[in-house]
Amino acid sequence: LCFLPRSTVTSPCKILKCNSEFWAATSGSHHLGTEEAPEFCTALRAYAHCARRTARTCRGDLAYHSAVHGIGDLMGQHNCSKDGPTSQPRLRTLPPGDSQERSDSPEICHYEKSFHKHSAAPNYTHCGLFGDPHLRTFTDTFQTCKVQGAWPLIDNNYLNVQVTNTPVLPGSAATATSKLTIIFKSFQECVDQKVYQAEMDELPAAFADGSKNGGDKHGANSLKITEKVSGQHIEIQAKYIGTTIVVRQVGRYLTFAVRMPEEVVNAVEDRDSQGLYLCLRGCPLNQQIDFQTIRSAQATEGRARRKGPSLPAPPEAFTYETATAKCREKLPVEDLYFQSCVFDLLTTGDVNFMLAAYYAFEDVKMLHSNKDKLHLYERTRDLAPGNMAPSGPPPTLWVALLCLSQCWLCLL
C-alpha cells in the first residue's frame, strides 16, 4: 500500500451519491401500482448508468459491488429493460403509515421510555472529533492527536464508528478526518444493520443502501437520518439506544460529534477491548501531541517575529497574532476549542479549521448534558494512568536537597 499513489488513499468512488439519487427518485416506489412500473424502471436505469460512470474508481468498494448486485436483482424483479429513458422521474411521497414515516415503534425501540420504567433518567456523555484532529472523549478529556490512517472511534455492542485521517498537505504532520464509517448493528425488532459512509466532498443524507431509516422492522423509525444543510450537515437519531450523532463537512474535512448514554458506551462483551476505541480511552500516548508545549513555542515564535525583522510569508499563512484574532471572531472564550483553532490555523493555514472548531463547540452546546462543562481549559498534560499527572516533590524539598548536596561536596 505504501507504493500506491496518494489519490488512492481517499477513494474517488461516488457510489454513495448514486445511492442517494436513486433513493430520492424512488421514495415510496415499492407501493406503486403496475401502471407506474415504467417510472421505476426509468429511475433504475439512471441508477445503473450512474454506477457505470463510477465503476473504474469503485473496483475495491464493497458498497459499489453491493449496489451493482442490487440493481441487477431489481431489474429482474420489475422486468425492466436495460434500454430506455434514464431521466429521473418525480414519484409520489410515502403514503401515511409507511415504515419510513410511522411513529408507532414498540417501546423497546425508544431507549428513554423503556429506561424510565425501572430507574432514574440516563446519564448522557459526549465525544467529538474535529480539526487536526482534536478529540474530546466521553470522560471530557481533551487531546490533540496524530492518528494518521484508520482508527476506531466507537466500538460497542450497538454500533461501530471508524475514522480515517489523512495528511492535510503533502509531507505535513497535520492530519484531518477524510472518511467516516458508522455501522449500526441489527437490534431486536427495532432496526436492521445499517451502514453510513461519508468522505471528503461526499456527505450523503442516506445510508449506504439508499434508505433513510432502520429498514423493514416494526421499529425502523427509531433510527433515521435528517439532512440539516445539504452536503454540509446531517444528524442521525438512534432512539433505540438514546444516541444522537452529528456529522459535518467543513471545508474538505469531516467533524464528528455524538451524545450517548453511559450504559451504551460501556456495553461491550469483552471489557479488555474497551481500550481499543478513542472516544472511551483517548489516543495512545505515542499518538498524542503535547499541545501545551507546541502552543508555547508558537506564541514565543510570534513574539520573536514582532521583535525581529519581518520575514516574508505566503498569503495564506497565519502568524500567532493573526490566528488568535481570527479565532476570537467565532470563539470569544479562550478555552481549548479556541486554542485548537489557533493551533490548526498555524499548522494548516486553512481558515476552515477555525469553522471546524466553532461548529465542534456548537455541537457540544447541543449534545453535552452538563452545561457547566461545555468549556474545557488547559491542564497539566496527562502522563499517568487515571488522568492524573505524576506528582513530584514540592519546590521546598528540592531546595533542601540541593543545599545538602552542596554541603556534602564541601565536606569532601
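The values are calculated or read from the model by the stated rules, or taken from the named source; none is laboratory data. These figures come from a predicted structure and were not determined experimentally. Glycine also receives a Cβ, built like all others from the backbone with ideal geometry; neighbour counts cover every protein chain displayed. The area values use the complete protein model at the heavy-atom level, side chains included, leaving out ligands, DNA and RNA. Shrake-Rupley method; radii C 1.70, N 1.55, O 1.52, S 1.80 Å.
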message: Out of everything in the stretch 225-268 that is assigned to a strand (DSSP E or B) and acidic (Asp, Glu), what residue ends up being surrounded by the fewest Cβ atoms within 10 Å (Cβ to Cβ)?
response: Glu227
statement: Expected single match for open to solvent by 10 Å² or more (accessible area, probe 1.4 Å), closer than 30 Å to Asp290 by Cβ and either outside the structural domain of Phe343 (by the TED database) or at pLDDT below 95 (or both) among Gln188, Gln148 is Gln148
- prompt: Does the stretch 150-165 hold any residues that are over 14 Å from the mean Cα position of the chain (by Cα) and either farther than 25 Å from Val191 by Cβ or free of Cβ contacts under 8 Å to residues at least 12 places away in the same chain (or both), and which are they?
  reply: none
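Per-residue answers, yes or no, for (1) polar (S, T, N, Q); (2) at pLDDT 90 or above; (3) more than 15 Å from Phe142 (Cβ to Cβ):
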position	(1), (2), (3)
Val351	no, yes, yes
Ala357	no, yes, no
Ala360	no, yes, no
His368	no, yes, no
His375	no, yes, no
Gly392	no, no, yes
field: Test result for Val195, over 15 Å from Lys17 (Cα atoms), touching a residue at least 24 places away in the same chain (Cβ under 8 Å) and part of a strand (DSSP E or B)
entry: no
- line: Of the residues in the stretch 29-85 that are open to solvent by 50 Å² or more (accessible area, probe 1.4 Å) and touching an Asp or Glu at 6+ places or on another chain (Cβ under 8 Å), the one that is modelled with the highest pLDDT is Ser66
query: If you go through the stretch 13-24 one residue at a time, do you hit one that is open to solvent by 30 Å² or more (accessible area, probe 1.4 Å), hydrophobic (A, V, I, L, M, F, W, C), at pLDDT below 80 and assigned to a loop (DSSP other than H, G, I, E, B)?
result: no
- line: Inside the stretch 319-350, the number of residues satisfying the requirement of being in contact with a helix residue (DSSP H, G or I) (Cβ under 7 Å, 6 or more places away or on another chain), without any contact (Cβ under 8 Å) to a residue 40 or more places away in the chain and either assigned by the TED database to the domain that holds Pro167 or among the β-branched types (Val, Ile, Thr) (or both) is 2
task: Answer yes or no: is there a residue in the stretch 179-187 that is under 21 Å from Glu263 (Cα atoms), of a type in the set (Ser, Thr, Tyr) and out of contact with any Gly (no Cβ under 8 Å at 6 or more places or on another chain).
output: yes
- request: For Glu263, indicate whether it is among the charged types (D, E, K, R), free of Cβ contacts under 8 Å to residues at least 24 places away in the same chain and not assigned by the TED database to the domain that holds Ala48.
  value: no
